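The values are calculated or read from the model by the stated rules, or taken from the named source; none is laboratory data. A quick note: this is a predicted structure, and the numbers were derived from the prediction, not measured. A quick note on method: Cβ atoms are made from the backbone with ideal geometry, for glycine too, and the neighbour counts reach across all protein chains shown. In case anyone asks, the SASA skips ligands and DNA or RNA and just uses the protein heavy atoms, side chains included. Shrake-Rupley method; radii C 1.70, N 1.55, O 1.52, S 1.80 Å.
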Amino acid sequence: MSAPRRMLIAGNWKMNPTRAADAHVLAQLIDAAVTLPVDVDVIVCPPTIYLDLVRGALIGSGVGVGAQTMHWEASGAYTGETSPAMLSGDRGNPIATHVIIGHSERRQYDGETDEKVARKVAAALAYGLIPIAAIGETLEERRTGQAEAVVRRQLTAAISEVDTLGGRRMAIAYEPVWAIGTSMAASGADAQAAAAVIRELLVAAFGSDGSAIPILYGGSVTGENAAEFFGRDDVDGALVGGASLKPEAFAAIVAAAGASAS
Ligand code: PEP
């Protein structure tokens, strides 16, 4: 990889596992399986209720913890929500360092609009969290030739409220919806084509800060296909769903990132 960016591998556990004890065991197995490469950041994003448990299980491992979503307000009458103030926790001791914003499942099932994504990204940055803004087209949008336009629209919205005050420590995840949980990963060339569009927009918006923002690919990444993505100029890691629940597969993806970064 030519760009001097750190890579990021983020595991999205989604709404799994169903028992706290199993979340604890999964974190321990990931700790045991993963060998952390020097130039790669690794996090897992468990369900909110397990954040502190998993964080505790991973202390000292070098594997960090992220949230899967959050509200944009710090507190208030928002039943069921988790705020950026809560995630950022006590000074120097965050409950989570990263937060996924705008995952397609939240866009599809929970009314996460471009406007909400914009507010959440800005709020995460304001609280010192690293947002991983997820964008990507549906199969229908791809079939009708709108893929690039959708990526441009979602990214433009996601960064529309980002200013210099909160910093620009963020990541973008390109996740074509048709590749998520389907075993039909995009090709490395398609992932790079989308990442190049994203990079162009980031640099246009943020200048040199934009070239330092990691762009992840997400969608049926496995230990077997990961290297196909990590060899690309603008792909700096992966957002991993299903394989992040399998410690050996997740470890193989981290190892592939390490081989590409070195
Ligand atoms: C995801 O949930 O963001 C994802 C990419 O899932 P999977 O790896 O299972 O396709």
Check your understanding: Near the amide H of Val240, under 5 Å away, which other amide H atoms are found, from residues 5 or more places off or on another chain, if H is placed in the peptide plane?
Key -> Ala10, Gly11, Asn12
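If you roll a 1.4 Å probe over the range 204-262 with all protein chains in place, what percent of the accessible area is carbon or sulfur?
Working: 1080 of 2050 Å².
Answer for the range 204-262 is 53 percent, counting heavy atoms of protein chains only.
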Exercise for review: Only Cα pairs under 8 Å and at least 6 apart count here; give the relative contact order of the chain as a rounded whole percent.
Suggested key: 24 percent
Review point. Counting Lys +1, Arg +1, Asp -1, Glu -1, what net charge surrounds Asn93 among other residues with beta carbon under 15 Å of its beta carbon?
Key: 0
Exercise for review: Determine how large the accessible area of Trp72 is when every protein chain is in place; take a 1.4 Å probe and give Å² rounded to the nearest 10.
Suggested key: 50 Å²
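With +1 on each Lys and Arg Cβ and -1 on each Asp and Glu Cβ, how big is the dipole of the range 67-177 about its Cα centre, in debye rounded to the nearest 20? Spell out each step's value before the answer.
Values: 12 positive and 15 negative charges, 52 e Å.
The dipole magnitude comes to about 240 debye.
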Review point. Asp114: accessible area at probe 1.4 Å, nearest 10 Å²?
Key: 40 Å²
Study note, to complete from the structure: Of the accessible area of the range 1-58, computed with a 1.4 Å probe and all protein chains kept, carbon and sulfur make up a percent value of 58 percent
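Size of the dipole of the range 66-127 about the Cα centre, Lys and Arg at +1 and Asp and Glu at -1 on the beta carbon, nothing else charged, in debye to 20?
Values: 6 positive and 8 negative charges, 27 e Å.
Here the range 66-127 has a charge dipole of around 120 debye.
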Point to revise | Set of aspartates and glutamates near Lys246 by C-alpha distance (under 15 Å), chain-local residues within fewer than 8 positions excluded | key: Asp22, Asp31, Glu224
Revision key, fill the gap. In the neighbourhood of Ala147 defined by beta carbon distances under 13 Å, the net charge of the other residues (Lys, Arg +1; Asp, Glu -1) is -2
Practice item. Quick one, could you list the DSSP H helices from the chain stretching 24 Å or more along their long axis (Cα atoms) with average Kyte-Doolittle hydropathy of 0.0 or above? Key: 188-206
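Summing -39500 (n - 2.57) over the DSSP H runs of n ≥ 4 in the chain and dividing by its residue number, what mean residue ellipticity at 222 nm do you reach, to the nearest 500 deg cm²/dmol? Present the calculation step by step, with values, prior to reporting the outcome.
On the way: 11 runs with 106 residues, N = 262.
Result for the chain, helices only: -11500 deg cm²/dmol.
Taking a probe of 1.4 Å, how large is the accessible area per residue of the chain, in Å²?
Working: 11390 Å² over 262 residues.
Value for the chain: 43 Å² per residue.
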Revision key, fill the gap. Rounded to the nearest 10 Å², the accessible area of Leu53 using a 1.4 Å probe with every protein chain kept is 60 Å²
